[in-house]
1. Nearest-5 percent of antiparallel DSSP beta bridges in the protein assembly as shown?
2. Could you identify which residue out of B:Asp217, B:Asp138, B:Asp328 has the top mean-square fluctuation in a GNM of chain B using Cα springs shorter than 10 Å?
3. Within 10 Å of each Cβ in peptide B:154-166, how many partner chain Cβ atoms are there on average? Round it to a whole number, please.
4. Looking at chain B as a GNM with Cα springs under 10 Å, which of B:Glu282, B:Glu434, B:Glu322 has the largest mean-square fluctuation?
5. Roughly how many whole Å is it from the C-alpha centroid of region B:107-164 to that of region B:193-247?
6. Which value at 222 nm does the protein assembly as shown reach when only helices count, each DSSP H run of 4 or more adding -39,500 (n - 2.57), with the total divided by all residues and rounded to the nearest 500 deg cm²/dmol?
7. Among A:Ala548, B:Leu290, A:Thr150, whose Cα projects farthest towards the positive end of the dipole of the protein assembly as shown, with charges put on the beta-carbon of Lys, Arg (+1) and Asp, Glu (-1)?
8. To the nearest whole number, what is the average tally of beta carbon atoms from other chains within 10 Å of the beta carbons of peptide B:214-221?
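The values are calculated or read from the model by the stated rules, or taken from the named source; none is laboratory data. Please read these numbers as outputs of a predicted model, since none were measured by experiment. We place every Cβ from the backbone using ideal geometry, glycine too, and count neighbours over all the protein chains shown. Areas reflect the complete protein model, heavy atoms only, side chains present, ligands, DNA and RNA absent. Shrake-Rupley method; radii C 1.70, N 1.55, O 1.52, S 1.80 Å.
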Amino acid sequence: MRRSQATKVAGIKAILRRVGRLLFNLPHVAVYLPGGAPIVKRPLARPTWLVCLALVAATVSGCFGRSEERAFLNNVLPPQGPPDTTVVQRPFEPAPLTMRVLLSWQYRNAVRDLLGAAPAALVTPPPDTTVNGLDAIGAAQLALSQTAITLYEQSALRAARAAMTDAATRSQLVGCAPQSTADQACLSQFVGRFGRLAWRRALADDERAAYVALGVQAATAYNDFYQGAAFAAAGLLQSPNFIYQVEIGRPDPDEASRFKLTGYEIGTRLAFFLTGTTPKDDLLAAAEAGELDTAEGVRARAAAMANDSGAQETTSRFFDEMLQLRDLSQMAKDPATYPMYSAALAAAMREETQRLLQNVIWDQDGDFRQVLDADYTFVNADLASLYGLSDPPPSGFARAPLPSDGRRGGILGQAAFLSLMAHPNSSSPTFRGKFVREKLLCQTIPAPPPDVDTNLPNTTGMTTREKLLAHRQNPSCAGCHALMDDIGLGLENFDGLGRYRTTESGQPIDASASLDSLGNFAGARELGGLLRRDERVTQCFARNLFRAATGHVDTEGESTPIDKIHAGFAGSGYRVKQLLVEIAASDAFRYAAKGVTP
Amino acid sequence: MRPFRLSRRTLLKGAGAAIALPTLEAMLNSSGTAFAQGAPIPKRFATFFFGNGVILNRWKPTATGPGWQLTEELAPLSNVKSYVNVVSGYKIKIPNLRGHHCGAAGILSGYPFIALPPGGAPYNSKFGGPSVDQVAADAIGTSTTFPSLQIAVSKRLTRGEGPTLQFLSHRGPDSPLPQEFNPAALFNRLFATFSPPDPTDPRDRLRLSVLDQVRADARRLQAKLGTADRARLDAHLTSISELRTQIMALPPVITSACVPPGAVTETNVDIGGIEQLESVSEAMSELLVLAWACDLTRVASYQFSGSVGGTVYSAVGQTTGEHTLTHDAQMQGQVHDAVVFVHARFAYLLEKLMASPEGTGNLLDNSCVLLCSDVCEGLVHSITDYPILVAGRAGGYLKYPGVHHRSTSADNTSDVLLTCLRAVGANVSSVGAEGGLSSNPCTGIMA
């Protein structure tokens, strides 16, 4: 008895030491140059402190059991249910702006709209880097490497040359007939028009002159006007004014404490967020006319653009990121355990999930929450076979009802999620539960304690549930694993490839589980039903889409506009098209923290 | 008859640009140990990284000093044993806020990593300062066509927890350097784009003019931005300068050591869902040796497998991802097999370096290659008694034959990083910061 107490005291002391180190080390963030000299020490904002303290407390409480963990979570995370309107809402503090690299597919779409489909097919922009779950956040923080700059240069030269050697399209692209090899007037007209579209703003006179000079130099060197136009275009496409969404803002005339994005910047945000490509001429004109300076003007534009086919591409790509569907093409599955697995099956899994989303969001323009527990899905022959459905489609994909008494339903019952959140040769309740917590509920699972020891008794012949129960007998693991495993165990009827099963290792599967205080469930459809009633899910979805739109993790200071966005989403019956508009029209989309005053 | 001596200045007189040339035999002094003008043969540096640690009691030799014996996990190094220094007993001293992140950032940079506050988003972290290969590149990589290379083999990386786990080379917190996974593409980058400059083709001249204007645009933009964005554009500007250097570079000169292959066909495409780790790593190792022999670069990072990597070691009969295996106490035998496999691939690189003649010796005589991982042992995320190998002689700076050097007082792993940097000619006063700061070299492996 005494020894375990002494151990516990030593443990507490160790934790307090760690907490002390954590608190001591966190107050600033330092950026170092080679050589060790720090150049920036940014104090972390108060909300970040709160989260760090929350993490620490979660780690600490994780060592002592589940109940403290739950109590802590209920206190720190947003309450369920509609916001309490009697509470004074937190004043809006807009987030700072940073340059945002165009995502690779946005870059390609922009080149397509500027130069044509054939030139766009030749570009090889650098791959995107995910930070905090989204490419847009990585694009707003990370610097471009030399590899990236080289890829941009090659892409720009190839695309521009292809466009300017195509006799059928180049004269329309240039917009004037050259009167001489180095016709300066025509080059100037081209650079002005093309440059405005490429840089998403009008060029200054000296900028225009500089690129005209490049065009003249190249045209003269090759004795060919269109080579001149090609090099001028290639230069414009390599400029940071094309490669980055430059967001600087200007002082807000109505509110001295903050900045407002310019009309051009709003137009650019709308174009990339809602249509995944560069703003067209009419949108730039609207910006120039001041239409995008008011919330009403932005809302009207956004509503129209949400009907653009580009909006379907951007939301589809957003779900590819958020649901990790891109990982399907690299997913490792053990051929001995899953001999029917193939690259084609993985591709079909992605298609199935995307088709359900497409059906709910665009075909129906309906309640988004249907994707959580829909009693139908879209399968091809391979997937129908995987799911044991009768009447597989003879070719391609078809809508298929799911058994009404079955456990499959919604995206959590689809093979994509079930296979991705699994091991190469088995299911993983922990991965599946972690996904629900982090991606659907926006909850952070604390770090495993340092020096975690996963030494376990022998688990051969056990079911997954039994193996994981052995995990949770270790108090330093139990707190966090309960958060994840409690959910994932309810999906154990689905193996590591998403096939339905009732036994494992010769024993019947017990898939009874619970989701916090929301209730018990067994299987994907019931889990989806519980999540459907939980406002945290739609709030988390709105927050994630907001992050993709603005390139940063939403801050505490933005909680009021985000609540308003969610209220608009909910009020519309959870239509995603409306959510897109709510985000675009939000103060948090149009205003920013004070930056460098020009 | 007096031997013919070529001076580098003679060669460059026509070109009118300051670019690096490979080590022509005619430019060496008569003993082949230095350039005729007295400048030493350049040193090379690489980090060689694999994820998820080792099985310490099967990796660490018992005896210390020159008489150390190969253990099961070090056995693949038998042909290069004299070139290998084993370091044990050292500890990662940056704050241990998160397993794997701490090891990776600690062993590759010595800077505390920066946790990106999740606020309901997935946990991520970035490096807090430059990785050691980039510190080396800034010191010894400025005169070669490529300041450094980033090579990777296994594609099963963990990309969801931020740059710390995904990338090996970092110029700073916001500047991770992407890796090349495709040997054929790396070959193209290094060799196939080189063509003797054609004075009648204006293309390269025009490319440079365009880049000049792009630089002007970037500088103009910088004036309007805050500190963080200005730093990002500084990186952009540096990258443009490096691209300009490559456009202007002469092709490498063919020597007995610098003989590029006709074509490289390995593209790192999986067969039946299985990564071709041996074939890819061999191709990459050969390309690295060639890049060093041709003096196209002097610095590299080589990511055999990633931090928290899900690499499946099919070649030794495995079907589960490695990170998962390390956290299963019943599977440590398989973890061991994977570690042996990785060390065999490391041995391949060292053997190729040893077989590449340079001066009176070979490339490995003039190199320092640091093998490390993101934890000591994956099962427990340990960061004490860290497994490190320092291979190569670094021109005589490192002990030869190599020793097993053990710290009995949990010294700072950054001491080893400092020694590696100085071994290749980066005369820095310290490495890392805060807990990971070291200005104290690891004398136990210095000659």
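1. Numbers: 46 of 67 bridges.
Counting DSSP beta bridges with both partners in the protein assembly as shown, the antiparallel share is about 70 percent.
2. For chain B, modelled as a Gaussian network with Cα springs under 10 Å, the answer is B:Asp217.
3. On the way: counts 0, 2, 4, 1, 0, 8, 7, 4, 8, 6, 0, 0, 4.
Average neighbour count from other chains, rounded to a whole number: 3.
4. Fluctuation is largest for B:Glu434.
5. 23 Å
6. Numbers: 40 runs with 443 residues, N = 1045.
The helix contribution divided over the protein assembly as shown gives -13000 deg cm²/dmol.
7. Checked the options; the winner is B:Leu290.
8. Working: counts 14, 2, 4, 11, 5, 1, 6, 7.
The mean count of partner-chain Cβ atoms within 10 Å per residue comes to 6.
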